[in-house]
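Let me begin by presenting the structure, written as structure tokens, before commenting on it.
The values are calculated or read from the model by the stated rules, or taken from the named source; none is laboratory data. The structure presented is a predicted model; accordingly, all values stated were derived computationally and were not measured. Neighbour counts run over all protein chains shown; Cβ positions are idealised from the backbone, glycine included.
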Amino acid sequence: MRILAIETSCDETAIAIVEAEGNERAARFRVLGNALLSQVDIHKEYGGVFPALAKREHAKNLIPILAAALEEAELLHEDAQNLRTETHDAIAKLLEREPGLDEATLAFLKESEPAAVDCIAVTAGPGLEPALWVGINFAKALTLAWGKPLVAVNHMEGHIMAALAKGSERELEIANVTLPALALLVSGGHTELVLMRAFLSYALVGRTRDDAVGEAFDKVARMLELPYPGGPEISKRAEALRALSVQGRTLNTARPAPFTLPRPMLHENSCDFSFAGLKTAVRNLLKARDDLSEDEKGALAREFEDAVADVLWKKTSRALRETGAKTLAIGGGVSANVHLRRVFREGIAAEFNDVTLAIPAQALTTDNALMIALAAFYRAKRDELANPATLSANGNLALAP
Ligand code: KG4
Ligand code: ZN
């Protein structure tokens, strides 16, 4: 099955084309094309993702990204096409609220052969609704023009599949996942523990009661006057400091003052999280001080990261014990965090020798369309197709009730 998958839930415009085969026990994926354009530099100025701007950028980028993905897959063939008037008008109507995308799409469809794919998949949520809608309307336009079925994908299921996938950039495999599997989903909008007892069926085990962990990284970074997105910036500083202490060297400037931050809800009897208090603790700490030196910023970044990793690991290990899960998958943008990956690897090795840890390849941690194609494969295999007439964006789409 050849899948063309579209992802526009946040600030990445991405399209992947994947050839998939197999079943829920063992599936293989050959990546034919994978194009992605990040808007990070544009949103940096605002210190976060600005939904109206994200929507406009997706509208501008989708056709170039589609062309790039098809070209890479050797599926882009220029040839004048006869677009029927009804199809033309229906597409124009679908895309009338995506400035620029209507003309670009119609022009593209008139000069390119229908792509040789079996279905079009698109992220239906969760995410920023204006951004999701661009991808959904674009996917609907392609299904109309090319007469292909439409598959709606939950973005978080995509993150789980990216974690379970093993292999290289070009060839991936999801095989022999021992169930039940627990997924820790950590991104800009989500922090939750979800149990997959049977393949593709989910139950919520724990979730944040306030901020998502990625959001906490981004907000703390902003307080430290570090650029958006904050996760990688905090990580860079914290890791630099850890490397120095490992080498036993002292810093060449004044030693950074030690900071202590709370580990919210660590001893509470549940698998829920809370990160708002941690963020407030950083704010209060900063209020009590004048400008921080670069070394002090590093020390605070490290303590923040330690606190986050402590809480995530303790809650996840509690959930592993309570559920008896045999696989632990970590997904979402924050799973890129080097320290978190280390803490989880060491924790699993030390305390759970019967649990398999599944962490996505670095390139698959943050948003991409490949993960959407992986999830779409299983949904399409189950004949779970979306109705193009009724599919809508759902910013709060949940994996589990
Ligand atoms: O999954 P994702 O790309 O988008 C959402 O679906 O939200 O996650 C983005 C989040 C941002 O908050 C970003 O700061 C965080 O992931 N992030 C990181 C790292 N890389 C990205 N957080 C901590 N350490 C990182 N290395
Ligand atoms: Zn994401």
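Things to note:
- Counting only strands (runs of 3 or more DSSP E) that sit completely within segment 161-250, those holding 2 or more residues that are within 21 Å of MET265 (Cα to Cα) and under 18 Å from the mean Cα position of the chain (by Cα) correspond to 181-186, 191-198.
- Looking across segment 198-230, just one residue is among the aliphatic types (A, V, I, L, M), surrounded by fewer than 22 Cβ atoms within 10 Å (Cβ to Cβ) and within 11 Å of ligand 1 (Cβ to nearest atom), and that is LEU226.
- Scanning segment 55-101 for residues that are surrounded by fewer than 14 Cβ atoms within 10 Å (Cβ to Cβ) and of a type in the set (Val, Ile, Thr) gives a single hit, THR85.
- Summed over segment 267-295, the residues that are at pLDDT below 90 and either among the aliphatic types (A, V, I, L, M) or in a helix (DSSP H, G or I) (or both) give a count of 4.
- When segment 165-176 is filtered for residues that are crowded, with 19+ Cβ neighbours inside 10 Å and away from ligand 1 (no atom under 16 Å from the Cβ), the ones remaining, listed by number, are LEU172, ILE174.
Quick grid of which residues meet (1) closer than 20 Å to ASP102 by Cα; (2) within 16 Å of ligand 1 (Cβ to nearest atom); (3) β-branched (Val, Ile, Thr); (4) in contact (Cβ under 8 Å) with a residue 12 or more places away in the chain:
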{"site": "CYS10", "(1), (2), (3), (4)": "no, yes, no, yes"}
{"site": "ALA16", "(1), (2), (3), (4)": "no, yes, no, yes"}
{"site": "GLU21", "(1), (2), (3), (4)": "no, no, no, yes"}
{"site": "GLU24", "(1), (2), (3), (4)": "no, no, no, yes"}
{"site": "LEU66", "(1), (2), (3), (4)": "yes, no, no, yes"}
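- Residue within segment 46-54 that is loosely packed, with under 14 Cβ neighbours inside 10 Å and in contact with a Pro (Cβ under 9 Å, 6 or more places away or on another chain) present: yes
- Among the residues of segment 282-291, none qualifies, meaning not one is without any contact (Cβ under 8 Å) to a residue 40 or more places away in the chain and within 16 Å of ligand 1 (Cβ to nearest atom).
- Enumeration of residues in segment 78-110 that are polar (S, T, N, Q) and free of Cβ contacts under 8 Å to residues at least 40 places away in the same chain: GLN81, ASN82, THR85
- Evaluation of PRO149 against (1) in the same structural domain as ALA139 (by TED's automatic domain parsing); (2) within 15 Å of ligand 1 (Cβ to nearest atom); (3) more than 18 Å from the chain's Cα centre (by Cα) (one fails), failing number: (2)
- Checking ALA309 against (1) under 19 Å from VAL213 (Cα atoms); (2) free of Cβ contacts under 8 Å to residues at least 12 places away in the same chain; (3) small (Gly, Ala, Ser), the condition it does not meet: (2)
- Selected residue (criterion: farthest from ligand 1 (Cβ to nearest atom)) from residues of segment 305-340 that are out of contact with any Lys or Arg (no Cβ under 6 Å at 6 or more places or on another chain) and β-branched (Val, Ile, Thr): THR323
- Flag for ALA162 being surrounded by 24 or more Cβ atoms within 10 Å (Cβ to Cβ) and either within 16 Å of ligand 2 (Cβ to nearest atom) or not assigned by TED's automatic domain parsing to the domain that holds ALA376 (or both): yes
- Scanning segment 135-149 for residues that are touching a residue at least 12 places away in the same chain (Cβ under 8 Å) and within 28 Å of SER274 (Cβ to Cβ) turns up nothing.
- Annotation: of all residues in segment 212-234 being more than 16 Å from ligand 2 (Cβ to nearest atom) and not hydrophobic (A, V, I, L, M, F, W, C), the one that is farthest from MET156 (Cα to Cα) is GLU225.
- Whenever a residue of segment 223-237 is of a type in the set (S, T, N, Q), its partners that are within 16 Å of ligand 2 (Cβ to nearest atom) and not in a helix (DSSP H, G or I), lying with C-beta atoms within less than 9 angstrom and at least six residues away or across chains, give the pairs SER235/ASN337.
- Residue check, GLU233 at pLDDT 95 or above, among the acidic types (Asp, Glu) and either surrounded by 20 or more Cβ atoms within 10 Å (Cβ to Cβ) or within 16 Å of ligand 1 (Cβ to nearest atom) (or both): yes
- Test result for VAL334, aliphatic (A, V, I, L, M) and touching a strand residue (DSSP E or B) at 6+ places or on another chain (Cβ under 9 Å): yes
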